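The next block holds one structure in the form of structure tokens; read it before the comments.
The values are calculated or read from the model by the stated rules, or taken from the named source; none is laboratory data. As the structure is a computational prediction, the values presented were derived from the model and not from experiment. Note that each Cβ is placed from the backbone with ideal geometry, even for glycine, and that neighbours are counted across all protein chains shown. Keep in mind that these areas ignore ligands, DNA and RNA; they rest on the heavy atoms of the full protein, side chains included. Shrake-Rupley method; radii C 1.70, N 1.55, O 1.52, S 1.80 Å.
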Amino acid sequence: MSDQTEVLNASFTPRIFSGIQPSGNLTLGNYLGALKRFVQKQDEGIETIYCLVDMHAITVWQDPDALKRQTREAAAAFLASGIDPVKSILFNQSQVGAHAELGWLLNCVARLGWMNRMTQFKDKAGKNAEKASLGLYAYPALMAADILVYQATMVPVGDDQKQHVELTRDIAAKFNHDFGVDHFPAPEPLIEGAAARVMSLRDGSKKMSKSDPADASRINMTDDADTIAKKLRKARTDAEPLPETIDGLAERPEARNLVNIYAELAEQTPSQVVAEFAGRGFGDFKPALADLAVSVLAPISGEMKRLMDDPAEIDRILGQGAERADAIARPVVEKTRDIMGMVRSRQV
Ligand code: AMP
Ligand code: TRP
């Protein structure tokens with residue numbers, strides 16, 4: 001962090017914000033790269049705000065009934081993973097209008113040249129970018145609004161979101177500069193651990209994703225023990241045994257991915273895992289990994305099922321979270337409009 005950023009951020013309350021799209025089954029990548037970290041941050045006693053970003057999800061088509069179900073299911077995944085809705089603020093984005101309001105204001109700060117560099121847009125829009133929604137293009141500016149509407153200083157994310165958090169810093173800096181204020185902090189991306197980028201089980205060069213058409217490419221948080229064991233047994237690997245040190249994994253992306261997953265699940269370093277399994281083949285390693293994955297995920301998916309039996313309770317938690325989130329976000333958005341010169345005279 002540069003000295004300048006440090007001075008700027010020191011004038012804001014330390015606050016963590018992060019979001020996950022409720023656009024499908026959450027995966028082991030979401031759990032290890034995001035949810036598990038969210039719980040650690042909450043338990044470190046920092047103010048934590050976590051959001052199911054349903055307005056980001058609709059940048060690609062979502063069936064309305066499925067979106068509702070997936071939003072509740074993602075909320076259940078947060079709670080089952082250890083998010084405490086009293087300690088953390090947990091809500092879905094569309095219930096707090098300030099996100100969309102600041103999103104528009106920041107659309108007018110972000111530059112087209114910056115948006116054109118966003119790799120996630122290029123990946124998601126693919127060859128047929130003309131048919132992509134305008135929302136998909138503006139997505140990173142809404143993400144900047146999510147973070148800045150809480151004046152959040154830290155953003156735990158997986159590696160793939162680093163570029164978007166950097167864009168958020170650019171937008172914040174341009175706003176502060178253009179209007180001569182220190183209104184927004186420069187949020188830091190927190191990208192930690194061996195699982196910041198969990199790869200597909202089918203292709204070690206692609207990230208594990210809930211939107212991959214091949215279910216066998218990922219472990220879903222709701223997969224049962226047999227499914228998890230089967231997917232890991234079939235996971236693509238090479239024919240070599242595990243090496244003596246992690247340097248031996250450099251050119252072996254699939255093997256490295258499984259070692260990283262094991263390490264994160266076992267709370268060990270990849271070096272410790274390699275030391276334990278050195279010289280042994282995947283015939284030994286995969287069943288051990290499957291047992292470990294089941295032992296971590298089964299209690300979480302069991303708890304998710306229990307929570308999903310009472311969707312009204314989930315809705316109540318999201319509603320209360322939205323109230324608390326709104327209380328922080330509303331004054332920030334009003335202040336932003338004041339800074340930009342918009343008349344505010346309505347009596348409330
Ligand atoms: P998304 O599922 O795209 O909404 O991502 C939600 C959060 O999970 C973000 O912080 C992502 O960076 C993180 N995440 C998603 N997939 C992975 C993965 N394969 N490995 C690590 N983190 C991931
Ligand atoms: N773009 C993020 C993803 O796909 C989700 C997201 C939206 C987010 N708003 C955010 C993450 C704000 C962190 C902070 O993973």
Requested in this report: Would you list, by chain and number, the lysines whose Cα falls below 23 Å from the Cα of LYS305, excluding same-chain residues fewer than 8 positions away?
Outcome: LYS36, LYS68, LYS87, LYS210, LYS230, LYS231
Report task. Mind ranking 271-280, 34-43, 137-146 by how tightly packed they are, going by the mean number of other C-beta atoms within 10 angstrom, highest first? Result -> 137-146, 34-43, 271-280
Report summary line: Gyration tensor on Cα atoms of region 39-173, a ≥ b ≥ c root eigenvalues, a/c under 1.5 rounded, else prolate if a/b beats b/c, else oblate, says oblate
Requested in this report: Using a 1.4 angstrom probe, figure out how much accessible area region 244-348 has per residue, in square angstrom, rounded to the nearest whole.
Outcome: 55 Å²
Report task. Please give the peptides 217-225, 255-263, 307-315, 157-165 ranked by average Cβ packing (other Cβ atoms within 10 Å per residue), highest first, as a rough proxy for protection. Result -> 255-263, 217-225, 157-165, 307-315
Query raised in the report: What residues have an amide H closer than 5 Å to that of LEU190, excluding those fewer than 5 places away on the same chain, when H is modeled at 1.01 Å from N in the peptide plane?
Result: VAL155, VAL157
Query - Out-of-range pairs (alpha-carbon distance over 29 Å; input LYS131/LYS335; LYS207/LYS286; LYS41/LYS234) - result: LYS131/LYS335; LYS41/LYS234
Report task. Rounded to the nearest Å, what's the spacing between the alpha carbon centres of region 165-219 and region 1-68? Just the number, please. Result -> 10 Å
Query raised in the report: By DSSP, what percent of the beta bridges with both residues in the chain are antiparallel, rounded to the nearest 5?
Result: 10 percent
Report summary line: Hydrophobic long helices for the chain, i.e. whole DSSP H runs reaching 30 angstrom or more by Cα along the axis with Kyte-Doolittle mean at least -1.0, come out as 282-308, 311-340
Requested in this report: From largest accessible area down, sort TYR50, TYR31; use a 1.4 Å probe on the protein chains.
Outcome: TYR31, TYR50
Query raised in the report: If you roll a 1.4 Å probe over the chain with all protein chains in place, what percent of the accessible area is carbon or sulfur?
Result: 51 percent
**Report entry** Relative contact order (%) - criterion: Cα under 8 Å, at least six apart; region: region 215-306
**Finding:** 38 percent
Query raised in the report: Using the eigenvalues of the Cα gyration tensor, what equivalent ellipsoid semi-axes result for the chain when each is taken as the square root of five times the eigenvalue, whole Å, largest first?
Result: 37, 22, 19
Requested in this report: Could you rank THR227, THR5 by how accessible they are, 1.4 Å probe, largest area first?
Outcome: THR227, THR5
**Report entry** Relative contact order for region 1-156, counting Cα pairs under 8 Å that sit 6 or more residues apart, in percent
**Finding:** 36 percent
